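The values are calculated or read from the model by the stated rules, or taken from the named source; none is laboratory data. Since the model is a prediction, treat every value here as computed from it, not as a measurement. Here the Cβ positions follow ideal geometry from the backbone for every residue, glycine too, while neighbour counts run over all protein chains shown.
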(Lines give C-alpha, C1' and ligand atoms only; values in the text may rest on other atoms or scores of the structure.)
Protein backbone atom coordinates (compact mmCIF):
# COMPACT_ATOMS: atom_id res chain seq x y z
CA UNK A 1 0.00 0.00 0.00
CA UNK A 2 1.44 3.39 -0.99
CA UNK A 3 1.28 6.05 1.68
CA UNK A 4 -1.18 8.77 0.64
CA UNK A 5 0.06 12.36 0.77
CA UNK A 6 -2.16 15.38 0.30
CA UNK A 7 -2.56 18.92 1.61
CA UNK A 8 -5.01 17.51 4.19
CA UNK A 9 -2.32 15.28 5.67
CA UNK A 10 -0.54 11.95 5.50
CA UNK A 11 -2.39 8.65 5.78
CA UNK A 12 -1.63 5.00 5.36
CA UNK A 13 -1.92 1.57 6.89
CA UNK A 14 -0.04 0.64 10.05
CA UNK A 15 2.94 -1.69 9.74
CA UNK A 16 5.04 -2.72 6.76
CA UNK A 17 7.86 -0.80 5.14
CA UNK A 18 8.67 2.92 5.36
CA UNK A 19 7.33 5.04 2.48
CA UNK A 20 4.84 2.27 1.70
CA UNK A 21 2.81 2.44 4.92
CA UNK A 22 2.39 4.74 7.92
CA UNK A 23 5.34 3.40 9.90
CA UNK A 24 7.02 5.04 12.92
CA UNK A 25 9.68 6.37 10.55
CA UNK A 26 7.04 8.03 8.38
CA UNK A 27 5.21 9.47 11.40
CA UNK A 28 8.45 11.05 12.64
CA UNK A 29 9.43 12.28 9.18
CA UNK A 30 6.16 14.09 8.49
CA UNK A 31 5.81 15.41 12.03
CA UNK A 32 9.31 16.88 11.67
CA UNK A 33 8.37 18.34 8.28
CA UNK A 34 5.35 20.02 9.83
CA UNK A 35 7.49 21.31 12.68
CA UNK A 36 9.98 22.73 10.20
CA UNK A 37 7.16 24.38 8.25
CA UNK A 38 5.89 26.09 11.41
CA UNK A 39 9.36 27.18 12.52
CA UNK A 40 9.95 28.76 9.11
CA UNK A 41 6.55 30.44 9.08
CA UNK A 42 6.75 31.68 12.68
CA UNK A 43 10.46 32.36 13.01
CA UNK A 44 11.73 33.71 16.34
CA UNK A 45 8.58 32.56 18.12
CA UNK A 46 8.03 29.86 20.72
CA UNK A 47 5.70 27.54 18.81
CA UNK A 48 2.73 25.67 20.26
CA UNK A 49 0.83 22.85 18.54
CA UNK A 50 -2.46 21.28 19.69
CA UNK A 51 -2.68 17.51 19.25
CA UNK A 52 -5.65 15.19 19.63
CA UNK A 53 -6.50 11.68 18.46
CA UNK A 54 -9.46 9.41 17.94
CA UNK A 55 -9.64 6.02 19.66
CA UNK A 56 -7.87 3.96 17.01
CA UNK A 57 -5.69 1.18 18.42
CA UNK A 58 -2.62 2.74 16.79
CA UNK A 59 -3.48 6.26 17.94
CA UNK A 60 -1.50 6.33 21.18
CA UNK A 61 1.63 5.04 19.44
CA UNK A 62 1.42 7.54 16.58
CA UNK A 63 0.67 10.43 18.95
CA UNK A 64 3.71 9.66 21.09
CA UNK A 65 5.92 9.57 18.00
CA UNK A 66 4.51 12.85 16.71
CA UNK A 67 4.61 14.71 20.03
CA UNK A 68 8.12 13.64 20.90
CA UNK A 69 9.34 14.63 17.45
CA UNK A 70 7.91 18.12 17.89
CA UNK A 71 9.37 18.36 21.40
CA UNK A 72 12.76 17.46 19.94
CA UNK A 73 12.37 20.49 17.65
CA UNK A 74 11.68 22.82 20.56
CA UNK A 75 7.92 22.95 19.99
CA UNK A 76 5.44 22.86 22.87
CA UNK A 77 2.48 20.50 22.58
CA UNK A 78 -0.98 20.74 24.10
CA UNK A 79 -2.23 17.15 24.34
CA UNK A 80 -6.02 16.86 24.20
CA UNK A 81 -5.65 13.07 24.67
CA UNK A 82 -8.76 11.35 23.24
CA UNK A 83 -10.59 13.90 21.16
CA UNK A 84 -12.56 14.44 18.00
CA UNK A 85 -11.49 16.60 15.09
CA UNK A 86 -13.75 19.62 15.83
CA UNK A 87 -12.44 20.25 19.40
CA UNK A 88 -8.85 20.18 18.12
CA UNK A 89 -9.75 22.79 15.52
CA UNK A 90 -11.49 24.93 18.14
CA UNK A 91 -8.61 24.51 20.62
CA UNK A 92 -6.03 25.83 18.16
CA UNK A 93 -7.83 29.19 18.08
CA UNK A 94 -8.65 29.26 21.79
CA UNK A 95 -5.05 28.50 22.78
CA UNK A 96 -3.60 30.96 20.23
CA UNK A 97 -1.56 28.01 18.98
CA UNK A 98 0.42 28.04 15.75
CA UNK A 99 -1.11 24.84 14.43
CA UNK A 100 -2.63 21.50 15.25
CA UNK A 101 -2.45 17.84 14.34
CA UNK A 102 -5.40 15.46 14.44
CA UNK A 103 -4.32 11.83 14.52
CA UNK A 104 -7.17 10.07 12.78
CA UNK A 105 -7.87 8.30 9.51
CA UNK A 106 -11.46 9.53 9.74
CA UNK A 107 -13.75 6.97 8.06
CA UNK A 108 -10.96 4.60 6.96
CA UNK A 109 -10.85 1.04 8.40
CA UNK A 110 -9.13 0.05 11.64
CA UNK A 111 -5.71 -0.65 10.09
CA UNK A 112 -5.38 2.94 8.84
CA UNK A 113 -4.23 6.08 10.61
CA UNK A 114 -3.25 9.57 9.55
CA UNK A 115 -1.74 12.90 10.52
CA UNK A 116 -4.08 15.74 9.61
CA UNK A 117 -2.32 19.09 9.77
CA UNK A 118 -4.01 22.36 10.77
CA UNK A 119 -2.89 25.98 10.43
CA UNK A 120 -3.07 28.68 13.07
CA UNK A 121 -6.79 29.19 12.29
CA UNK A 122 -7.56 25.58 13.17
CA UNK A 123 -8.24 24.82 9.50
CA UNK A 124 -6.60 22.43 7.06
CA UNK A 125 -3.40 23.68 5.44
CA UNK A 126 -3.61 25.70 2.26
CA UNK A 127 -2.38 24.15 -0.97
CA UNK A 128 0.77 26.26 -0.74
CA UNK A 129 1.61 25.16 2.82
CA UNK A 130 0.72 21.55 2.06
CA UNK A 131 3.04 21.49 -0.94
CA UNK A 132 5.81 23.12 1.10
CA UNK A 133 5.46 20.44 3.81
CA UNK A 134 5.87 17.69 1.22
CA UNK A 135 8.95 19.43 -0.23
CA UNK A 136 10.51 19.59 3.24
CA UNK A 137 9.81 15.88 3.73
CA UNK A 138 11.45 15.01 0.41
CA UNK A 139 14.61 16.94 1.34
CA UNK A 140 14.90 15.37 4.82
CA UNK A 141 16.37 18.69 5.93
CA UNK A 142 15.62 18.87 9.66
CA UNK A 143 17.26 20.68 12.55
CA UNK A 144 16.54 19.45 16.07
CA UNK A 145 16.96 21.42 19.30
CA UNK A 146 19.67 21.07 21.90
CA UNK A 147 18.73 19.73 25.32
CA UNK A 148 18.12 23.14 26.93
CA UNK A 149 15.68 24.09 24.17
CA UNK A 150 13.43 21.03 24.06
CA UNK A 151 9.69 21.58 23.99
CA UNK A 152 7.16 20.39 26.56
CA UNK A 153 3.78 18.66 26.80
CA UNK A 154 0.76 19.91 28.72
CA UNK A 155 -2.46 17.91 28.86
CA UNK A 156 -5.93 19.42 28.54
CA UNK A 157 -8.91 17.09 28.32
CA UNK A 158 -11.58 19.81 28.65
CA UNK A 159 -12.10 20.68 24.99
CA UNK A 160 -14.91 18.24 24.24
CA UNK A 161 -16.96 19.94 26.95
CA UNK A 162 -15.82 23.38 25.77
CA UNK A 163 -16.88 22.56 22.23
CA UNK A 164 -20.33 21.43 23.38
CA UNK A 165 -20.63 24.68 25.37
CA UNK A 166 -19.97 26.72 22.22
CA UNK A 167 -22.48 24.74 20.17
CA UNK A 168 -25.22 25.18 22.79
CA UNK A 169 -24.56 28.94 22.87
CA UNK A 170 -25.70 29.29 19.25
CA UNK A 171 -28.84 31.41 19.41
CA UNK A 172 -30.70 29.15 16.98
CA UNK A 173 -30.06 25.91 18.89
CA UNK A 174 -33.43 25.54 20.61
CA UNK A 175 -32.53 23.70 23.82
CA UNK A 176 -35.97 24.26 25.32
CA UNK A 177 -37.84 22.73 22.38
CA UNK A 178 -35.41 19.81 22.20
CA UNK A 179 -35.83 18.98 25.87
CA UNK A 180 -39.62 19.23 25.65
CA UNK A 181 -39.67 16.92 22.62
CA UNK A 182 -38.79 13.96 24.84
CA UNK A 183 -36.78 12.33 22.05
CA UNK A 184 -35.43 8.82 22.41
CA UNK A 185 -32.20 8.29 20.44
CA UNK A 186 -29.81 5.43 19.77
CA UNK A 187 -26.17 6.49 19.33
CA UNK A 188 -23.61 4.49 17.33
CA UNK A 189 -20.16 5.81 18.27
CA UNK A 190 -18.29 3.10 16.28
CA UNK A 191 -16.22 2.48 19.46
CA UNK A 192 -14.31 5.72 19.01
CA UNK A 193 -14.48 9.19 20.50
CA UNK A 194 -18.00 9.76 19.19
CA UNK A 195 -19.00 7.37 21.95
CA UNK A 196 -17.81 10.01 24.41
CA UNK A 197 -18.86 13.35 22.94
CA UNK A 198 -22.27 12.52 21.43
CA UNK A 199 -23.72 11.11 24.70
CA UNK A 200 -22.26 14.16 26.50
CA UNK A 201 -24.14 16.44 24.13
CA UNK A 202 -27.40 14.51 24.50
CA UNK A 203 -27.07 14.55 28.30
CA UNK A 204 -26.69 18.33 28.19
CA UNK A 205 -29.82 18.54 26.04
CA UNK A 206 -31.80 16.33 28.43
CA UNK A 207 -32.39 13.58 25.87
CA UNK A 208 -32.86 9.88 26.61
CA UNK A 209 -30.33 7.86 24.65
CA UNK A 210 -29.21 4.29 24.21
CA UNK A 211 -25.50 3.71 23.51
CA UNK A 212 -24.43 1.32 20.77
CA UNK A 213 -20.71 0.74 20.24
CA UNK A 214 -19.81 3.71 22.43
CA UNK A 215 -16.74 2.20 24.13
CA UNK A 216 -13.71 4.19 22.86
CA UNK A 217 -11.48 1.12 22.48
CA UNK A 218 -10.78 1.46 18.75
CA UNK A 219 -12.29 -1.91 17.82
CA UNK A 220 -14.63 -0.78 15.07
CA UNK A 221 -17.64 -3.16 14.97
CA UNK A 222 -18.43 -2.31 11.34
CA UNK A 223 -17.19 -0.18 8.45
CA UNK A 224 -16.56 3.15 10.19
CA UNK A 225 -17.89 5.18 7.27
CA UNK A 226 -21.48 6.28 8.01
CA UNK A 227 -23.31 4.61 5.13
CA UNK A 228 -26.35 2.49 4.42
CA UNK A 229 -24.20 -0.65 4.48
CA UNK A 230 -22.82 0.04 7.97
CA UNK A 231 -26.03 0.82 9.88
CA UNK A 232 -27.56 -2.68 10.16
CA UNK A 233 -27.15 -2.96 13.94
CA UNK A 234 -28.17 0.64 14.52
CA UNK A 235 -31.33 0.16 12.45
CA UNK A 236 -32.28 -2.91 14.48
CA UNK A 237 -31.62 -1.07 17.75
CA UNK A 238 -33.72 1.94 16.73
CA UNK A 239 -36.65 -0.37 15.94
CA UNK A 240 -36.29 -2.60 19.02
CA UNK A 241 -35.97 0.42 21.34
CA UNK A 242 -38.86 2.21 19.59
CA UNK A 243 -36.55 5.20 19.32
CA UNK A 244 -37.34 8.39 17.43
CA UNK A 245 -34.06 8.28 15.54
CA UNK A 246 -30.54 6.94 15.42
CA UNK A 247 -27.29 8.89 15.16
CA UNK A 248 -24.09 7.51 13.68
CA UNK A 249 -20.77 9.34 13.36
CA UNK A 250 -17.37 8.43 11.97
CA UNK A 251 -14.38 7.82 14.30
CA UNK A 252 -13.30 11.47 14.50
CA UNK A 253 -16.86 12.88 14.54
CA UNK A 254 -16.71 15.26 11.61
CA UNK A 255 -19.24 13.24 9.58
CA UNK A 256 -22.81 12.58 10.60
CA UNK A 257 -25.77 10.48 9.46
CA UNK A 258 -29.26 9.94 10.85
CA UNK A 259 -31.57 6.92 10.90
CA UNK A 260 -35.31 7.46 10.91
CA UNK A 261 -37.81 5.87 13.30
CA UNK A 262 -38.27 2.98 10.86
CA UNK A 263 -34.57 2.14 10.82
CA UNK A 264 -34.05 3.68 7.37
CA UNK A 265 -31.13 5.91 6.38
CA UNK A 266 -32.10 9.58 6.25
CA UNK A 267 -29.32 10.09 3.68
CA UNK A 268 -25.83 11.53 4.21
CA UNK A 269 -26.46 14.28 1.67
CA UNK A 270 -29.64 15.25 3.49
CA UNK A 271 -27.74 15.82 6.75
CA UNK A 272 -26.43 19.05 5.22
CA UNK A 273 -29.71 19.81 3.42
CA UNK A 274 -31.78 19.61 6.62
CA UNK A 275 -29.28 21.57 8.71
CA UNK A 276 -29.13 24.25 6.03
CA UNK A 277 -32.93 24.39 5.94
CA UNK A 278 -33.00 25.18 9.64
CA UNK A 279 -30.10 27.67 9.65
CA UNK A 280 -31.50 29.54 6.64
CA UNK A 281 -34.88 29.82 8.36
CA UNK A 282 -33.16 31.67 11.21
CA UNK A 283 -30.29 33.40 9.40
CA UNK A 284 -30.75 33.62 5.60
CA UNK A 285 -27.52 33.62 3.61
CA UNK A 286 -25.51 31.85 0.97
CA UNK A 287 -24.65 28.15 1.10
CA UNK A 288 -21.78 26.10 -0.31
CA UNK A 289 -21.29 22.42 -1.06
CA UNK A 290 -18.87 20.51 -3.22
CA UNK A 291 -19.57 19.47 -6.80
CA UNK A 292 -20.43 15.89 -5.80
CA UNK A 293 -23.20 16.90 -3.39
CA UNK A 294 -26.94 16.84 -3.98
CA UNK A 295 -28.74 19.60 -5.88
CA UNK A 296 -31.41 19.49 -3.15
CA UNK A 297 -29.28 22.00 -1.21
CA UNK A 298 -29.51 24.44 -4.13
CA UNK A 299 -33.29 24.06 -4.20
CA UNK A 300 -33.59 24.69 -0.45
CA UNK A 301 -31.23 27.68 -0.61
CA UNK A 302 -33.19 29.28 -3.45
CA UNK A 303 -36.41 28.76 -1.49
CA UNK A 304 -35.03 31.28 1.00
CA UNK A 305 -33.98 33.66 -1.80
CA UNK A 306 -30.27 32.99 -1.33
CA UNK A 307 -27.44 31.78 -3.55
CA UNK A 308 -25.86 28.34 -3.58
CA UNK A 309 -22.25 28.02 -4.78
CA UNK A 310 -20.34 24.84 -5.63
CA UNK A 311 -16.69 24.17 -4.81
CA UNK A 312 -14.10 21.58 -5.71
CA UNK A 313 -14.23 18.41 -3.61
CA UNK A 314 -12.40 18.65 -0.28
CA UNK A 315 -13.08 20.48 2.97
CA UNK A 316 -10.37 23.07 2.40
CA UNK A 317 -11.98 23.98 -0.95
CA UNK A 318 -15.46 24.23 0.56
CA UNK A 319 -14.14 26.52 3.31
CA UNK A 320 -12.35 28.77 0.83
CA UNK A 321 -15.53 29.28 -1.21
CA UNK A 322 -17.60 29.78 1.96
CA UNK A 323 -15.33 32.59 3.07
CA UNK A 324 -15.39 34.27 -0.34
CA UNK A 325 -19.18 34.22 -0.43
CA UNK A 326 -19.95 34.84 3.26
CA UNK A 327 -21.87 31.57 3.43
CA UNK A 328 -23.84 30.92 6.63
CA UNK A 329 -23.54 27.15 6.24
CA UNK A 330 -21.76 24.73 3.96
CA UNK A 331 -20.29 21.28 3.80
CA UNK A 332 -20.10 18.09 1.82
CA UNK A 333 -22.57 15.39 0.89
CA UNK A 334 -20.75 12.84 3.06
CA UNK A 335 -22.50 14.11 6.18
CA UNK A 336 -20.10 16.99 6.81
CA UNK A 337 -21.71 20.19 8.14
CA UNK A 338 -19.69 23.43 8.43
CA UNK A 339 -21.12 26.32 10.46
CA UNK A 340 -18.82 29.39 10.56
CA UNK A 341 -20.45 30.64 13.76
CA UNK A 342 -18.56 27.79 15.47
CA UNK A 343 -15.53 27.20 13.23
CA UNK A 344 -14.64 26.45 9.62
CA UNK A 345 -14.60 22.68 9.84
CA UNK A 346 -16.95 19.74 9.40
CA UNK A 347 -18.65 19.13 12.72
CA UNK A 348 -21.11 16.39 13.67
CA UNK A 349 -21.84 17.96 17.08
CA UNK A 350 -23.18 21.21 15.66
CA UNK A 351 -25.03 19.14 13.03
CA UNK A 352 -26.79 17.09 15.73
CA UNK A 353 -27.83 20.19 17.70
CA UNK A 354 -29.23 21.89 14.59
CA UNK A 355 -31.05 18.77 13.34
CA UNK A 356 -32.71 18.15 16.71
CA UNK A 357 -33.76 21.83 16.88
CA UNK A 358 -35.37 21.44 13.45
CA UNK A 359 -37.22 18.25 14.42
CA UNK A 360 -38.39 19.72 17.72
CA UNK A 361 -39.67 22.98 16.28
CA UNK A 362 -41.47 21.42 13.31
CA UNK A 363 -42.79 18.52 15.38
CA UNK A 364 -42.06 16.02 12.64
CA UNK A 365 -40.82 12.46 12.63
CA UNK A 366 -37.55 11.97 10.78
CA UNK A 367 -39.27 10.12 7.93
CA UNK A 368 -41.83 12.93 7.63
CA UNK A 369 -39.10 15.55 7.50
CA UNK A 370 -37.38 13.74 4.62
CA UNK A 371 -40.59 13.92 2.57
CA UNK A 372 -40.54 17.73 2.77
CA UNK A 373 -37.36 17.90 0.66
CA UNK A 374 -36.85 17.43 -3.08
CA UNK A 375 -35.77 13.83 -3.54
CA UNK A 376 -32.67 12.91 -5.51
CA UNK A 377 -30.49 9.83 -5.60
CA UNK A 378 -26.71 9.85 -6.15
CA UNK A 379 -25.03 6.88 -7.81
CA UNK A 380 -21.35 6.64 -6.85
CA UNK A 381 -19.09 4.65 -9.17
CA UNK A 382 -15.44 4.44 -10.13
CA UNK A 383 -13.63 3.45 -13.30
CA UNK A 384 -10.21 1.83 -13.17
CA UNK A 385 -8.04 2.76 -16.13
CA UNK A 386 -4.68 1.66 -17.43
CA UNK A 387 -1.94 3.50 -15.54
CA UNK A 388 -0.33 4.68 -18.80
CA UNK A 389 -3.43 6.54 -19.95
CA UNK A 390 -3.62 10.34 -19.85
CA UNK A 391 -6.66 10.81 -17.61
CA UNK A 392 -6.69 14.59 -18.10
CA UNK A 393 -6.88 14.06 -21.86
CA UNK A 394 -9.81 11.66 -21.45
CA UNK A 395 -11.74 14.18 -19.35
CA UNK A 396 -10.92 16.95 -21.86
CA UNK A 397 -12.35 14.77 -24.64
CA UNK A 398 -15.61 14.55 -22.70
CA UNK A 399 -15.59 18.30 -22.10
CA UNK A 400 -15.31 18.84 -25.84
CA UNK A 401 -18.06 16.31 -26.57
CA UNK A 402 -20.49 17.98 -24.16
CA UNK A 403 -19.44 21.58 -24.77
CA UNK A 404 -23.02 22.59 -25.59
CA UNK A 405 -24.22 21.53 -22.11
CA UNK A 406 -23.73 23.56 -18.94
CA UNK A 407 -20.32 22.58 -17.54
CA UNK A 408 -18.33 23.20 -14.37
CA UNK A 409 -14.59 22.51 -14.80
CA UNK A 410 -13.36 23.52 -11.34
CA UNK A 411 -12.65 19.89 -10.36
CA UNK A 412 -12.67 17.46 -13.27
CA UNK A 413 -15.92 18.19 -15.06
CA UNK A 414 -19.53 18.34 -13.94
CA UNK A 415 -22.15 18.16 -16.69
CA UNK A 416 -25.63 19.46 -15.92
CA UNK A 417 -28.76 18.06 -17.51
CA UNK A 418 -32.44 18.61 -16.79
CA UNK A 419 -32.84 17.70 -13.08
CA UNK A 420 -29.73 15.51 -13.21
CA UNK A 421 -25.96 15.79 -13.40
CA UNK A 422 -22.80 13.74 -13.64
CA UNK A 423 -19.46 14.62 -12.04
CA UNK A 424 -16.24 13.01 -13.25
CA UNK A 425 -12.95 13.62 -11.48
CA UNK A 426 -9.66 11.78 -11.32
CA UNK A 427 -8.23 10.39 -8.11
CA UNK A 428 -5.03 11.99 -6.85
CA UNK A 429 -3.67 8.64 -5.70
CA UNK A 430 -4.96 5.94 -8.09
CA UNK A 431 -5.42 5.51 -11.86
CA UNK A 432 -9.19 5.83 -11.51
CA UNK A 433 -11.93 8.29 -12.38
CA UNK A 434 -14.73 8.78 -9.88
CA UNK A 435 -18.15 8.99 -11.49
CA UNK A 436 -20.99 10.48 -9.45
CA UNK A 437 -24.40 10.92 -11.03
CA UNK A 438 -27.59 12.34 -9.53
CA UNK A 439 -31.16 12.01 -10.78
CA UNK A 440 -34.70 11.79 -9.42
CA UNK A 441 -34.58 7.99 -9.02
CA UNK A 442 -32.00 5.32 -8.28
CA UNK A 443 -32.58 3.72 -11.66
CA UNK A 444 -32.04 6.99 -13.55
CA UNK A 445 -28.91 7.86 -11.56
CA UNK A 446 -27.39 4.41 -12.06
CA UNK A 447 -28.22 4.53 -15.77
CA UNK A 448 -26.58 7.96 -16.12
CA UNK A 449 -23.45 6.81 -14.28
CA UNK A 450 -23.16 3.65 -16.38
CA UNK A 451 -23.57 5.67 -19.56
CA UNK A 452 -20.54 7.78 -18.71
CA UNK A 453 -18.54 4.79 -17.50
CA UNK A 454 -19.05 3.28 -20.97
CA UNK A 455 -17.91 6.52 -22.57
CA UNK A 456 -14.79 6.64 -20.39
CA UNK A 457 -13.92 3.04 -21.20
CA UNK A 458 -14.19 3.76 -24.88
CA UNK A 459 -11.00 5.78 -24.47
CA UNK A 460 -9.24 2.98 -22.54
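Some observations on this one:
- Candidate set: region 226-240, residues that are under 19 Å from the mean Cα position of the chain (by Cα) and assigned to a helix (DSSP H, G or I); chosen: the one farthest from residue 378 (Cα to Cα): 230
- Checked against (1) in contact with a strand residue (DSSP E or B) (Cβ under 6 Å, 6 or more places away or on another chain); (2) surrounded by 17 or more Cβ atoms within 10 Å (Cβ to Cβ), residue 225 meets all criteria but (1).
- The criterion of being without any contact (Cβ under 8 Å) to a residue 24 or more places away in the chain and either surrounded by 14 or more Cβ atoms within 10 Å (Cβ to Cβ) or assigned to a loop (DSSP other than H, G, I, E, B) (or both) does not hold for residue 394.
- None of 92, 88, 102 is in contact (Cβ under 8 Å) with a residue 60 or more places away in the chain, under 21 Å from the mean Cα position of the chain (by Cα) and assigned to a helix (DSSP H, G or I) except 88.
- Selection count where residues are without any contact (Cβ under 8 Å) to a residue 60 or more places away in the chain and either assigned to a helix (DSSP H, G or I) or under 24 Å from residue 84 (Cα atoms) (or both), scope region 16-34: 6
For (1) modelled with pLDDT of 95 or more; (2) closer than 25 Å to residue 309 by Cβ; (3) in a strand (DSSP E or B), each residue gets a yes or a no:
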| position | (1), (2), (3) |
| --- | --- |
| 372 | yes, yes, no |
| 381 | no, no, yes |
| 422 | yes, yes, yes |
| 436 | yes, yes, yes |
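- Residues of region 50-85 that are part of a loop (DSSP other than H, G, I, E, B) and either without any contact (Cβ under 8 Å) to a residue 60 or more places away in the chain or surrounded by fewer than 24 Cβ atoms within 10 Å (Cβ to Cβ) (or both): 57, 58, 73, 74.
Yes/no matrix, rows are residues, columns are (1) surrounded by fewer than 20 Cβ atoms within 10 Å (Cβ to Cβ); (2) modelled with pLDDT under 95; (3) at negative phi:
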position	(1), (2), (3)
264	yes, no, yes
267	no, yes, no
270	no, no, yes
280	no, no, yes
288	no, no, yes
298	yes, no, yes
302	yes, no, yes
307	yes, no, yes
324	yes, no, yes
